[in-house]
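Notes to accompany the following structure.
Read the figures in this text as sums done on the coordinates, not as results from a lab. Computed from a prediction, not measured in an experiment: that's the story for all the values here. As a convention, Cβ positions derive from the backbone with ideal geometry for all residues, glycine included, and neighbour counts pool all protein chains shown.
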Amino acid sequence: MFGALGKTGKTRVLGIDPGLVRTGWAVIEPVGLRASVLGHGVITPPPDAPLAARLADGARALREVLAEFRPELVALEEIFTAPRHPRSALLMAHMRGALCLVLEEASLPILPLTATTVKQRLTSSGHASKEQIQRMVARLTDVDTTGRMRLDETDAIALALAALYQRSHPLARLTSGRPRLPLATSVTALRTTKPSGSQTL
């Protein structure tokens, strides 16, 4: 399902769902028609610490993730617009900026994705619910999203999946210039399509 971009034959992608209170992260690699989740977690700076200390804590935790998993591409959620809650977007922007600095220092390419784009990539609907995203993450990976996994982690996995699909999906060449098939449809197509002279996947 996912093509290969890295020198090792696999593209290791880090998905990040940034936030000042909680930052979800997940690292995945493509394996056949699915993706393997190598690690995931939530960065939670001390809520009672000064802003600068919370940003430093988030940056330090991200450096540890990079050192352990060594991703080749980072999918980072874009800042959302929230007219009714402008402070939430502003606080998220602080942490996102600190994380961007860490990623730039590590010379990692960043693919910014909006929440709507991720939903469209995975379900074909930009208004998909959290539960729909969880089901697609479970379908496309080897993780159980019905357990104690937080939504921040599920969202991070979804970001990484969307980045793999956008950057290396084998159907990308056929859909250039027009909307691509959602992941669910693409999985079905790849499993059922049988080109002349080849075997069904």
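A straight chain from residue 108 to residue 78 at 0.36 nm per residue would run longer than the Cα-Cα distance by 9.1 nm. Loop-resident trypsin sites (Lys or Arg not before Pro) (DSSP state other than H, G, I, E or B) in the stretch 40-114 with no more than 14 further Cβ atoms inside 10 Å of their Cβ: 84. Computed from backbone phi with θ = phi - 60° and the Karplus coefficients 6.51, -1.76 and 1.60, the 3J(HN,Hα) list for the stretch 62-74 is 5, 4, 5, 5, 4, 5, 7, 9, 6, x, 9, 8, 10 Hz; x is used for glycine and proline.
A simple packing score, the average count of other Cβ atoms within 10 Å per residue, orders the peptides 46-52, 129-135 as 129-135, 46-52, with the highest score first. For the stretch 109-164, the relative contact order comes to 33 percent (Cα pairs under 8 Å, sequence separation of at least 6). Here the relative contact order of the stretch 13-192, from alpha carbon pairs under 8 Å that lie six or more residues apart, stands at 29 percent.
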